[in-house]
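Novice: Below are the structure tokens for one structure; questions will follow.
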Amino acid sequence: MSHFRDFRAIAAPIEGVNVDTDQIIPARFLKFDRASGYGRFLFHDLRFEMEGRERPEFILNRDPFRAARILVADENFGCGSSREGAVYALGDYGIRVVIAPRFGDIFYNNCLRNGVLPALISVVDAAALRKILHAASDPSLTVDLPSQTIRYGDGEPIAFSLDAFWRDCLLEGVDEIGLALRQMPQIEAFEQALAARRPWTASACQRRLTGEPGLGTVE
Amino acid sequence: MHAEQAAADSPRTLFDKVWQQHEILRWPQGPSLLYVDRDFVHEGAFHAFGDLKRRGLQVRCPERVVGFADHYVPTKARDIAGAATPAIAKVLQQFSDNARWSGIRAFDIGDERQGIVHVAAPELGLTQPGMVITCNDSHTSTHGALGAIAFGIGQSETTQVLATQTVWLKRPSLMRINVTGSRASGVSAKDVMLAILAQVGSAGAVGHAIEYAGSVVAAMSIEERLTLCNMSIELGGRCGMVAPDDTTFAYLFGRPFAPDGQYWDAAVAYWRTLGSDPDAVFDKEIQIDGSAIAPMVTWGTSPDAALPIDARVPDPERLSGAERATAHAALEYMGLQPNTPLTDIAIDRVFIGSCTNSRIEDLRAAAAVAAGRKAVVPAIVVPGSESVRRAAEAEGLDQVFLAAGFEWRHAGCSMCVAMNGDVVAPGERCASTSNRNFMGRQGPNARTHLMSPAMAAAAAVTGRLSDVRRLPTRKRA
Ligand code: SF4
């Protein structure tokens, strides 16, 4: 995944704290299949008027930010709903990296699962970067995942934090579902121990849910 | 002494006790692999089911996955044909098809126990203390009210849970919120939560598992605790929990999917051990004076923008930096002037419902205010489940609402998220018992004020944000 090594691209500053996932993608678009592309829904109601015209004041409607592949946001970006559609929209629009001082927990995990890098930096650094980007003639940043740094031009690199596990997953394109599937012997052993410890939660006890005969079939 | 023994002897929190029972392994410098006792899915999980099929996988433990149709269901009809649009009907159909394909139990539209997952699952006894519960929905935090670790997950994570019954999760930090004193009359669990939000903030609990404690919480019913834990995600929390106690056990006893005779006593004996030990340590402790809480409403576009009803709209000029800019933007979106008394704000519409406030106690509180009065704006009441609807009808609450000019609907998420066609029109102002006042949440350019069911009913009969404690007396019939 080349876009995590010395990845240089236009970065758009997104102002405001608590930019929630309802703003990133309004709920009414979540019913569509991913295959039809989610990029057009990104920040939909901030990007477009009700009648579909672009709102010229919105950052992604201005050049060169229209071509942004990186976002620099503020506190608690992606808070709110668990909708992974928010990350589908970012990814399909072309956003590869989101930089912020804090992310909504579920959104953060959703980014990691979709090859979008959520880079955590300080409030001060994030504010400074956004200020630079607003004023710059070439608002590009370079993000390097192996060294976990962000650079503007020849400036000092800013370190961002990410657990080593997730850094390696992103760099090596590890599929976390596959990784979990490979733990199956341990999962099965755990399940059996659990059934002994708390029999009322054992699978056998839950079969009544699916109509199969099992323990406690009373309903 | 072995390290393990020492760990078992040192004081532990409720969260630790449940977590340790579910941690299969911990990756070095990474997340733990957690066992999931129960996964709930709603219609939005069609992305995850699609992913599962593309990968050639199946649902590993159908008996541990339960479906609820709630987000897209019509509230005026009880079949897919009644869906608002063909695209919505397709989502509902996919939900039924996926349930059948995977062999999971689904409480689908038309089922007499269908409802919002966070209302219907606890009332069916599916939510139990000591469990790890996931759902493709951020308000899964609700289920922690019974002493479970319950948290929302995305679609990719849902795929993993369906395929393996596990989820990767980094152990969160721990926060305890102590609400001390006792609640004044007219102050609901929703008011307590909005007061917590005003103090802690929308990002205050990011990365934390929250335990709610203190005399106010201990005295709450399970339905009130569900309201409280529901909005943990509005604090940014990973999950919210209340230690299981006799109130919890009495609530669960005899529910359809609660442990039955054979196991009940063993289950309760185990659940009793789960509460945080007296000396357990939390990363953060918050104190809230519960006696000082008044009925609350929100004025802005974030749930922490909450104030007591007798306050005024804040003046952004008296704030600084990012807060000022955020408040300016919020007031512009909300169409409000600084310093306006909150009780001067006229509303266009009322929504009583959502996984925060659509249970029987909520409907009783709203009906007590509506009784003998008349709504002066359109108002809808959407019970959280069909069981709640039947219980309300058995008590005659539907007749109270209808006589007061409120609409009486079937169960679903409805106007909380406006995905099923129940929408607040652009520019309209809605008094809502839901949990999010985000821009566009109830429809494009819709304006939302969050409040309790009693306060929403008061707004309906006055046409303005109103203090439920100071309503004009009813006209005699
Ligand atoms: S009622 Fe609202 S918040 Fe609750 S699950 Fe439904 S859409 Fe989500």
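The values are calculated or read from the model by the stated rules, or taken from the named source; none is laboratory data. It should be emphasised that the depicted structure is a prediction, and the values quoted were computed from it without experimental measurement. In this analysis, Cβ positions are derived from the backbone assuming ideal geometry, glycine residues included, and neighbour counts consider all displayed protein chains. We work out accessible area using only protein heavy atoms, side chains counted, and drop any ligands, DNA or RNA first. Shrake-Rupley method; radii C 1.70, N 1.55, O 1.52, S 1.80 Å.
Novice: Roughly how many whole Å is it from the C-alpha centroid of region A:100-159 to that of region A:39-80?
Specialist: Measuring centre to centre over Cα atoms gives 17 Å.
Novice: From the square roots a ≥ b ≥ c of the eigenvalues of the alpha-carbon gyration tensor of the protein assembly as shown, which class results: rounded (a/c under 1.5), prolate (a/b over b/c), or oblate?
Specialist: rounded
Novice: Expressed in nm to one decimal, what extension gain is obtained for the pair B:LEU319 and B:ARG469 from 0.36 nm per residue of sequence separation less their Cα-Cα distance?
Specialist: Between B:LEU319 and B:ARG469, full extension yields 51.0 nm more.
Novice: Using a Förster distance of 25 angstrom, determine the FRET efficiency expected from the C-beta separation of A:GLU57 and B:ALA294, and round it to 0.05.
Specialist: Efficiency, from the Cβ-Cβ distance: 0.05.
Novice: Right, something else. Averaged over B:234-240, how many beta carbons belonging to a partner chain fall within 10 Å of each residue's beta carbon?
Specialist: Working: counts 2, 1, 9, 1, 2, 1, 0.
Mean shielding count: 2.
Novice: What ranking, highest mean first, results for peptides A:186-195, A:48-57, B:423-432 when packing means the other Cβ atoms within 10 Å averaged over each residue?
Specialist: Working: A:186-195: 14.4, A:48-57: 9.7, B:423-432: 20.5.
Put in order of decreasing packing, that is B:423-432, A:186-195, A:48-57.
Novice: Write down Rg/Rh for region B:296-470, rounded to two decimals, with Rg from the C-alpha atoms and Rh from the Kirkwood relation over Cα pairs.
Specialist: Dividing the radius of gyration by the Kirkwood radius yields 0.98.
Novice: Can you give the accessible area of B:HIS139, probe radius 1.4 Å, in Å² rounded to 10?
Specialist: Its heavy atoms expose roughly 10 Å² to the probe.
Novice: Run the quick spin-label model on A:ALA128 and B:ALA266: label points 7 Å from Cα toward the beta carbon, then report their separation in nm to one decimal.
Specialist: Computed distance between label sites A:ALA128 and B:ALA266 equals 6.0 nm.
Novice: Still on this structure: State the Cα centre-to-centre distance between region B:82-112 and region B:420-477 in whole Å.
Specialist: Distance between centres, Cα-based: 30 Å.
Novice: Ignore the peptide's own chain and count Cβ atoms of other chains within 10 Å of each Cβ in A:37-49; give me the average, rounded. Write down the numbers at each step before the final one.
Specialist: Numbers: counts 0, 0, 0, 0, 0, 0, 0, 2, 4, 2, 0, 1, 1.
Mean shielding count: 1.
Novice: Once fully extended, how much extra length lies between A:ASP154 and A:GLU15, figured as 0.36 nm per residue of separation less the alpha-carbon to alpha-carbon distance?
Specialist: Residue separation times 0.36 nm, minus the Cα-Cα distance, leaves 47.6 nm.
Novice: Continuing with the same structure: How big is the B-A contact in terms of buried accessible area, both chains counted, 1.4 Å probe, rounded to the nearest 100 Å²?
Specialist: 6300
Novice: Before rounding to the nearest 500, sum -39500 (n - 2.57) across all DSSP H runs of length at least 4 in chain B and divide by the residue total; then give [θ] at 222 nm in deg cm²/dmol.
Specialist: -9000 deg cm²/dmol
Novice: Given N residues in chain A, what is its alpha carbon radius of gyration divided by 2.2 N^0.38 Å?
Specialist: 1.26
Novice: For chain A, set up a GNM with springs between Cα atoms under 10 Å and report which of A:GLY16, A:GLY80, A:GLY115 has the largest fluctuation.
Specialist: Of A:GLY16, A:GLY80, A:GLY115, the Gaussian network model singles out A:GLY16 as fluctuating most.
Novice: Okay, moving on. Distance cut-off 27 Å, Cα to Cα: go down the list B:LYS90/B:LYS190; A:LYS31/B:LYS17; B:LYS190/B:LYS374; B:LYS170/B:LYS284; A:LYS31/B:LYS374; A:LYS31/B:LYS76 and report the pairs above it.
Specialist: Listed pairs above 27 Å: B:LYS90/B:LYS190; A:LYS31/B:LYS17; A:LYS31/B:LYS374.
Novice: Ignore the peptide's own chain and count Cβ atoms of other chains within 10 Å of each Cβ in B:317-323; give me the average, rounded.
Specialist: For peptide B:317-323, the averaged partner shielding equals 1.
Novice: For chain A, what is the accessible area per residue in Å² when the probe is 1.4 Å?
Specialist: 40
Novice: Another question, then. Got a number for carbon plus sulfur as a percent of the protein assembly as shown's accessible area, 1.4 Å probe?
Specialist: 51
Novice: Hey, can you grab everything whose amide H is under 5 Å from the amide H of B:TRP408? Only 5+ residues off in sequence or another chain; H modelled, so Pro and N-termini drop out.
Specialist: HN-HN under 5 Å from B:TRP408: B:VAL381.
Novice: GNM, chain A, Cα, under 10 Å: largest mean-square fluctuation among A:ARG47, A:ARG113, A:ARG197?
Specialist: A:ARG197
Novice: When all alpha-carbon pairs of chain B are counted, what percent fall beyond 43 Å?
Specialist: Numbers: 13572 of 113526 pairs.
In whole percent, the long-distance tail amounts to 12.
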